[in-house]
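**Q** Quick one: structure below, then a few questions.
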Amino acid sequence: MLTQDELGKIREENEAEDTWRKYSRHIVADLLEGCAICGALREREHLARCRWCEDVYFCKQGVCAQQHRPKCTPPWPSGRGKGSDK
Ligand SMILES: [Zn+2]
Ligand SMILES: [Zn+2]
């Protein structure tokens, strides 16, 4: 049987662990960001932020940026229509 003292100690440890877990989760959330394209969690330095979308990050390496760009930017003007479609 556990004594009252031991129970108290265990409870304290659990609370400390809870606090730590919350704390570390916060840190992780702060350092990691998910790629909006492939869903991979990466450190922010390995992600690029979309210039056009708010809070959209994607992998700096790989094809994620290329996959995302057509979805958020209008097609580049092809020269047609500029100044001629009045
Ligand atoms: Zn990605
Ligand atoms: Zn975008």
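Read-outs: derived from the displayed coordinates by stated rules, not from any lab. Keep in mind that this is a model prediction, so the values were computed, not measured. Cβ atoms come from the backbone with ideal geometry, glycine included; neighbour counts cover every protein chain shown.
**Q** What ranking of 51, 42 emerges when the number of other C-beta atoms within 10 Å of each C-beta is taken as an exposure proxy, fewest first?
**A** Ordered from fewest to most neighbouring Cβ atoms within 10 Å, 51, 42 come out as 51, 42.
**Q** Rank these for me by crowding, 63, 56, going from fewest to most other beta carbons within 10 Å.
**A** By the 10 Å Cβ count, ascending, the order reads 63, 56.
**Q** Follow-up. What does the net charge come to around residue 69 if you take all other residues with beta carbon closer than 14 Å to its beta carbon, with K and R at +1 and D and E at -1?
**A** Net of charged neighbours comes to +4.
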